[in-house]
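Below is one structure, written out as structure tokens; the observations come after it.
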Amino acid sequence: MQSPIKYLSHKGWHQTAIIAIIGGIYILGSQILNFDNLNGLLAVPKAFAWLGVNFKPTAHSMQYFPRIWQKLIQTVLLAISSTMVAAIIAIFVALLGSKVTGINGFVQTIVRAIASFFRNIPLVAWSMILLFSFKQSDFTGFLALLLMSVGYLIRAFMEIIEDEASETMLALKATGASYFQVIFQAVLPQILPSILSWILYMIENNVRDATLVGILTGTGIGFIFDIYYKSFRFDAAGMTVLAIIFVVIALETISNQIRKVIL
Amino acid sequence: MLEVKDLQKSYEKDKPALKDISFNIKPGTFVAIIGPSGAGKTTILRSLNQLIKDDNGQILLDGNDIRTANKTQLRKYRRQIGMVFQNYNLVERLTVIENVLHGRLGYKSTLAGVFGRYTQEEKEEAMSLLKKVGLENFALQRCSELSGGQKQRVGIARSLIQHPKVILCDEPITSLDPASAQNVMELLKNLTEEYNLICIANLHQINMAKMYADQIIGIRKGRLVFDEAATYYQRIL
């Protein structure tokens, strides 16, 4: 057997070596790309200074506020509705596909494949693909967010079911309860807090993503931002960004409060 | 009467987890299955209500073989066999009384069970059982707020409301402190006599087995090494 002292000194060497290798890869990469590290670093404050000057909302940009606000509310509602629909679909599919509540190995594999398919096509690609079929409308954005969320939530819900519900499921199965009784009396009550927590997270995430989807599909707050930006009304664009940040932080605060109550 | 004959199980080929396990248990008997970790105690217990499908043998409850039952019949057997777990396996977010009532699900139609509609008698019985295990003042508390010993007593009440002939206890006291452990063992012992039950508990603690069990079954490496009335061990150990 290896002596513990030798093992620890080996481990110390390994860590040093790994850090050296990562650093080496970085230096090599920037050499190949002719990336000027020093100037790159110095450009960051300059860029922020430029942002601060040009994107600063002025008294003049207040006139855009009602329109921004209206679009923002629309976007938030879109994010919430797409998440809720996704959650309902995901819970059923996750029950079919999880290792403990699933029907059989074949269905479980199919569900995993579907979830990973939806999840691994980037949101941008979904938006562009759906744009062809559904044109420039809120529905396109809704669908893009929905498909993405379904992929993530199926995966998350399956893991929640497997982690949290398997023991109580076993207990109720042993009492002679039927499959649906076990699902409704044990599995769903047991996993509810974790599921709500994931839904809240997904809503926050989808509000942020809805902005990007809006730029691509020409709807919601993203479209407004795009218009202001491309017509050089940087102050209004800055105002839009601030409004988005405000809403996202507000949503996060609210959902943290809800989590405290339900968990 | 519970009769087990030549029970066999292997999880991997040529590596038997259980080999030729046979024993009989009369009603009103508190049985301890003892043996080291990995000996096959849990496998025996879980084949008795077919949570684990064994490979071969016979498990007769009052003369009927559980192993050959179809899905509907198995549900009917399972509701006569209560089960108590090491980690209690309660729905932590639900109240104590809801968890006790879960023991009735095997008797209900799927729809009534899904929506948790219980009859007045069932609710009253749940309350009287909670009184029996000393938790009548906790009926509306969430299970997550209870101590380990209290949770285990909820688990016992859940199995009793099934009107069982058999109660299987899978390491019922392993997660408990010594005082709660004694409390739970005493409760199981008394209930066995009162309801004329067959109560089978997997135990690590030989002294607990000696103190409470009427019959002790010893398992090592998947084989039965002894099966005697507990008085025998009280004399020799």
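Seen against the Cα atoms of chain B and their longest principal axis, helix B:120-132 is set at about 60 degrees. If R0 is 22 Å, what FRET efficiency do you get for A:Trp50 and A:Ile245 from their C-beta distance, rounded to 0.05? The value I calculate is 0.75.
Can you pull out the trypsin sites (Lys or Arg not before Pro) in the stretch A:110-146 whose DSSP state is coil and whose Cβ has at most 12 other Cβ atoms within 10 Å? Could the numbers behind the result be given before it?
Details: sites: A:Arg112, A:Arg119, A:Lys135; in loops: A:Lys135.
Sparse-neighbourhood loop trypsin sites (Lys or Arg not before Pro): A:Lys135.
Simple spin-label estimate for A:Phe132 and B:Thr119 gives 6.2 nm between the two label positions (7 Å along the Cα-to-Cβ direction from each Cα). Taking a sphere under 10 Å around the Cβ of B:Lys9 and counting the other residues whose Cβ falls inside, with K and R at +1 and D and E at -1, yields a net charge of +1. Taking a straight line from the alpha carbon of A:Lys71, these lysines sit under 26 Å away, with near neighbours fewer than eight places off in the same chain left out: A:Lys56, A:Lys135, A:Lys230.
In this view, the solvent-accessible surface of B:Glu122, computed with a 1.4 Å probe and all protein chains in place, comes to about 20 Å².
Across the stretch A:63-262, C-alpha contacts under 8 Å between residues 6 or more apart give a mean separation that, scaled by the residue count, equals a relative contact order of 28 percent. Figure legend: label point modelled 7 angstrom from the Cα of A:Ser81 along Cα→Cβ; residues of the stretch A:126-142 with amide N under 18 Å from it are A:131, A:134-142. When the helices of chain A are scored as -39500 (n - 2.57) per DSSP H run of n ≥ 4 and the total is divided over every residue, the value at 222 nm lands at -28500 deg cm²/dmol. Here the Gaussian network model covers chain A, with springs between Cα atoms less than 10 Å apart; of A:Ile73, A:Ile224, A:Ile203, A:Ile73 fluctuates the most. Among the listed pairs B:Lys41/B:Lys221; B:Lys41/B:Lys71; B:Lys26/B:Lys131, those with a Cα-Cα distance over 19 Å are B:Lys41/B:Lys71; B:Lys26/B:Lys131. Between chain B and chain A, the total buried accessible area stands at approximately 2000 Å², from heavy atoms with a 1.4 Å probe. Only helical runs count toward this figure. For chain B, summing -39,500 (n - 2.57) over DSSP H runs of n ≥ 4 and dividing by all residues gives -10000 deg cm²/dmol at 222 nm.
Using the Cβ-Cβ distance between A:Ile227 and A:Leu192 with R0 set to 45 Å, the FRET efficiency from 1/(1 + (r/R0)^6) comes to roughly 0.60. Legend: P(r) of the protein assembly as shown from all alpha carbon pair distances, 20 Å bins from 0, whole percents, reading 18, 37, 28, 15, 2.
The values are calculated or read from the model by the stated rules, or taken from the named source; none is laboratory data. Everything numeric in this text was worked out from a predicted model, so none of it was measured. Every residue, glycine as well, gets a Cβ built from its backbone with ideal geometry; the counts of neighbours run over all protein chains shown. Areas reflect the complete protein model, heavy atoms only, side chains present, ligands, DNA and RNA absent. Shrake-Rupley method; radii C 1.70, N 1.55, O 1.52, S 1.80 Å.
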